[in-house]
Amino acid sequence: YASTGQPIVGATVKLDCNSCSQTGTLQTDQQITDGAGKTNHVFRYPAVLDITVTSTAGTATGVIKLEEGETVNKDIKI
């Protein structure tokens, strides 16, 4: 979301783990927000991942904790 409270369309959203040791099981995904300012990432294993959102409005970061068998939502404000 922009500081105006409006969703940002076309922002790049990357989920990864900057503090993790680089292994073959590292979960990462990058997507572009849709018309509602959302992305949908599907991961196989529970994890704590860093979120980086980049758009023409700026850049913002956050953290998300993935739980097994759960849908987790996170709003990021730029």
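Restricting to region 44-55, and then to whatever is in contact (Cβ under 8 Å) with a residue 24 or more places away in the chain and over 9 Å from the mean Cα position of the chain (by Cα), can you tell me which residue is farthest from THR71 (Cα to Cα)? Can you show your working first?
Within region 44-55, the first condition is being in contact (Cβ under 8 Å) with a residue 24 or more places away in the chain, and the residues that meet it are 47-55.
Right, trim to over 9 Å from the mean Cα position of the chain (by Cα) and you get 47-48, 54-55.
Details: ALA47: 13, VAL48: 14, THR54: 23, SER55: 25 Å.
Only one residue fits best here, namely SER55.
Test GLN6 against the stated conditions and say whether it is modelled with pLDDT under 95, open to solvent by 70 Å² or more (accessible area, probe 1.4 Å), part of a loop (DSSP other than H, G, I, E, B) and out of contact with any His (no Cβ under 8 Å at 6 or more places or on another chain).
On the way: modelled with pLDDT under 95: yes; open to solvent by 70 Å² or more (accessible area, probe 1.4 Å): yes; part of a loop (DSSP other than H, G, I, E, B): yes; out of contact with any His (no Cβ under 8 Å at 6 or more places or on another chain): yes.
Yes, satisfied.
Can you tell me which residue among THR28, THR59 is open to solvent by 70 Å² or more (accessible area, probe 1.4 Å), within 15 Å of the chain's Cα centre (by Cα) and at pLDDT below 90? Give the derivation first.
Values: THR59 fails: at pLDDT below 90.
Exactly one of THR28, THR59 is open to solvent by 70 Å² or more (accessible area, probe 1.4 Å), within 15 Å of the chain's Cα centre (by Cα) and at pLDDT below 90, namely THR28.
Hey, could you check region 31-56 for residues that are open to solvent by less than 40 Å² (accessible area, probe 1.4 Å) and among the small types (Gly, Ala, Ser) and say which is modelled with the lowest pLDDT?
Among those that are open to solvent by less than 40 Å² (accessible area, probe 1.4 Å) and among the small types (Gly, Ala, Ser), it is ALA47.
Quickly run through region 9-25 and pick out the residues that are open to solvent by less than 60 Å² (accessible area, probe 1.4 Å), in contact with an Asp or Glu (Cβ under 8 Å, 6 or more places away or on another chain) and at pLDDT below 85.
First, pick out the residues of region 9-25 that are open to solvent by less than 60 Å² (accessible area, probe 1.4 Å): 10-13, 15-17, 20.
Now drop any that are not in contact with an Asp or Glu (Cβ under 8 Å, 6 or more places away or on another chain), which leaves 15-17.
Scanning region 9-25 gives a single hit, CYS17.
Please enumerate the residues belonging to region 66-78 that are open to solvent by 30 Å² or more (accessible area, probe 1.4 Å) and farther than 14 Å from LYS14 by Cα.
GLU67, GLU68, GLY69, GLU70, THR71, VAL72, ASN73, LYS77, ILE78
The values are calculated or read from the model by the stated rules, or taken from the named source; none is laboratory data. Just so it is clear, the structure is predicted and the values come from calculations on it, not from any experiment. Cβ: placed from backbone, ideal geometry, glycine included. Neighbour counts: every protein chain shown. With ligands, DNA and RNA removed, areas are computed over all heavy atoms of the protein, side chains included. Shrake-Rupley method; radii C 1.70, N 1.55, O 1.52, S 1.80 Å.
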